[in-house]
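Contents: one structure, followed by commentary.
Only the coordinates and a few stated rules stand behind these numbers; no lab work does. Since the model is a prediction, treat every value here as computed from it, not as a measurement. Quick reminder, even Gly has a Cβ in these numbers, built from the backbone with ideal geometry, and neighbours come from all protein chains shown.
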Amino acid sequence: MRKIFLGLFTGIILLACNNAEVKSTSATNDSTAKTPTDLPYTAQYSSNWSDNVSDADLKMVLNTYKDWTDANMPGLENALADTVTLDMSSGVHIVKPKAEIIKLWKSYRDSLSSVNIKMDAWHKMYATDKKDGYIVTWYDETDSFKDGRVDSASYHDINQVKDGKIIWYSQYKRPKK
């Protein structure tokens, strides 16, 4: 164990003493970063991304998950644009006014006695060439129905935001076993 610790300590010291400039290969906020030209595919939508989405938009989106958990439909309604596009994990594609979306969601939420969400991660994404902002989330949700059934799944959602409102919501679901 001492040899491992001594080796790690020595490696850290050597890295700390290195005065050479270190270039990062991680994602950058610099929209001028170039995409390699020899990739086997070309992105149809965008390959120019930053995390330049406001913290207010992030908070608004995360609050919608809390509103769903708490059955706060007015809070959800306030977060939606006048017209919203939904792509649900069931394959349903809807473009409707927010009042109709809330009516659908309220009907489903009323069938639940409780909702528990464990948010695993989120990421702010901004398509610099398209000028579109997204909040992407990964979470586990357990729904307890009033009839006693329980549904538990892992979700990946994409929330497109514009002017502080959600204009598109896309959901992907992997049921728990």
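At-a-glance table
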item: Residues ASP140, ASP110, ASP147, sorted so that the one with the fewest Cβ neighbours within 10 Å comes first; result: ASP147, ASP110, ASP140
item: Net charge dipole size for the stretch 48-177 [Lys, Arg +1 and Asp, Glu -1 on Cβ; Debye, nearest 20]; result: 240 debye
item: Inter-probe distance in nm under a simple model that places probes 7 Å from Cα toward Cβ, at ASP120 and THR85; result: 2.6 nm
item: Gain in span if fully extended, ASP140 to LYS66, counting 0.36 nm per residue against the direct Cα distance; result: 25.3 nm
item: Under 19 Å from LYS162, Cα to Cα: aspartates and glutamates that are on another chain or at least 8 residues apart; result: ASP51, ASP55, ASP57, GLU77, ASP82, ASP87, ASP129, ASP132
item: The stretch 49-175 pair-distance distribution - Cα-Cα, 5 Å bins, rounded %; result: 2, 11, 20, 25, 23, 13, 5, 2, 1, 0
item: Over the stretch 58-102: Kirkwood hydrodynamic radius from C-alpha pairwise inverse distances, Å; result: 11.1 Å
item: Gain upon complete extension [TYR45, ASP151; 0.36 nm per residue less C-alpha separation]; result: 34.8 nm
item: Efficiency of FRET between LYS59 and ASP38 - r from beta-carbon atoms, R0 45 angstrom, step 0.05; result: 0.65
